[in-house]
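The values are calculated or read from the model by the stated rules, or taken from the named source; none is laboratory data. No experiment lies behind these values; they were computed from the predicted model shown. As a convention, Cβ positions derive from the backbone with ideal geometry for all residues, glycine included, and neighbour counts pool all protein chains shown.
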Amino acid sequence: MEKLLFLNDFFCNNRLFDKYFFFLKNYFNDVSYNENNLENYDFIICFGGGCLLALDKLSLLKNKIIILITPYLDFDLFFDRNSDIDKLISLYSEKTGIDKECLNKNLKFDNIKPVFLNEQIVKDNKIYIIYGDSNKIIPLDFCLKIGMILHGVSFHLIENAGYAPFIDNYTTFRKILEDVIIDENIGR
């Protein structure tokens, strides 16, 4: 079995993994959350703001399977870090459909910085992008730009799903992870 690192969105706590990604424990003997040592893992699943760390360190990573769920490159384009935290959490929950029990009440935005990617051919890692076609926060164009900068990514658009496609269309999302990505890379 492989080692999995889950990089969560800044707004979310680990209950999100337990609620929507629990099935991945069947495929990985080691599951960790929100660590900075990406090179120690075989699979890296990132959601929202968690994608910033993986994309920032992309040039240093080799032989990884990287799954970017609703990636973006600049937090400040979509979120106002100067907003009242309670209002920001309520708005985020409303727009994403993520239960408040899965949200982090102690948000810190100090270390969030934009990522600047150079156009490149993805050859050292396998990268998958999963995006919901009804996303109310990150426009599709921004996600497609990441795919255009990183030549060779596999892009999966989930219909009738928003910022958190694992909530809005769980069956399709899980099928992509298990039947496409896991089967293709480690089998069952």
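Residues in segment 148-164 that are surrounded by 14 or more Cβ atoms within 10 Å (Cβ to Cβ) and either farther than 18 Å from GLN120 by Cα or not aromatic (Phe, Trp, Tyr) (or both): ILE149, LEU150, VAL153, SER154, HIS156, LEU157, ILE158, ALA161, GLY162, TYR163, ALA164. Against the list (1) over 11 Å from THR70 (Cα atoms); (2) touching a helix residue (DSSP H, G or I) at 6+ places or on another chain (Cβ under 8 Å); (3) of a type in the set (Asp, Glu), the condition ASP110 fails is (2).
On the basis of being out of contact with any Asp or Glu (no Cβ under 7 Å at 6 or more places or on another chain), farther than 23 Å from CYS12 by Cα and either surrounded by 19 or more Cβ atoms within 10 Å (Cβ to Cβ) or not hydroxyl-bearing (Ser, Thr, Tyr) (or both), does LYS145 make the cut? So LYS145 fits the description; yes.
Determine whether segment 166-183 contains at least one residue that is modelled with pLDDT of 90 or more and over 18 Å from the mean Cα position of the chain (by Cα). Yes - at least one qualifying residue is present in segment 166-183. Of the strands (runs of 3 or more DSSP E) contained entirely in segment 22-129, those carrying at least 3 residues that are among the β-branched types (Val, Ile, Thr) and surrounded by 20 or more Cβ atoms within 10 Å (Cβ to Cβ) fall at 65-69. Among the criteria (1) without any contact (Cβ under 8 Å) to a residue 60 or more places away in the chain; (2) closer than 17 Å to ASN111 by Cβ; (3) not acidic (Asp, Glu), the one TYR41 does not fulfil is (2). All of (1) of a type in the set (Asp, Glu); (2) free of Cβ contacts under 8 Å to residues at least 40 places away in the same chain; (3) more than 19 Å from LEU53 (Cα to Cα) hold for GLU101 with one exception: (2). Being surrounded by 15 or more Cβ atoms within 10 Å (Cβ to Cβ) and in a loop (DSSP other than H, G, I, E, B) is the filter here; which residues of segment 12-21 pass it? Once the filter is applied, which keeps residues that are surrounded by 15 or more Cβ atoms within 10 Å (Cβ to Cβ) and in a loop (DSSP other than H, G, I, E, B), segment 12-21 yields ASN13, PHE21. All conditions but one from (1) out of contact with any Ser or Thr (no Cβ under 8 Å at 6 or more places or on another chain); (2) within 25 Å of ILE158 (Cβ to Cβ) apply to LYS123; the one that does not is (2). Quick check: is even one residue across segment 140-158 at pLDDT 90 or above, of a type in the set (Gly, Ala, Ser) and not in a strand (DSSP E or B)? The answer is no, given that none of the residues of segment 140-158 is at pLDDT 90 or above, of a type in the set (Gly, Ala, Ser) and not in a strand (DSSP E or B).
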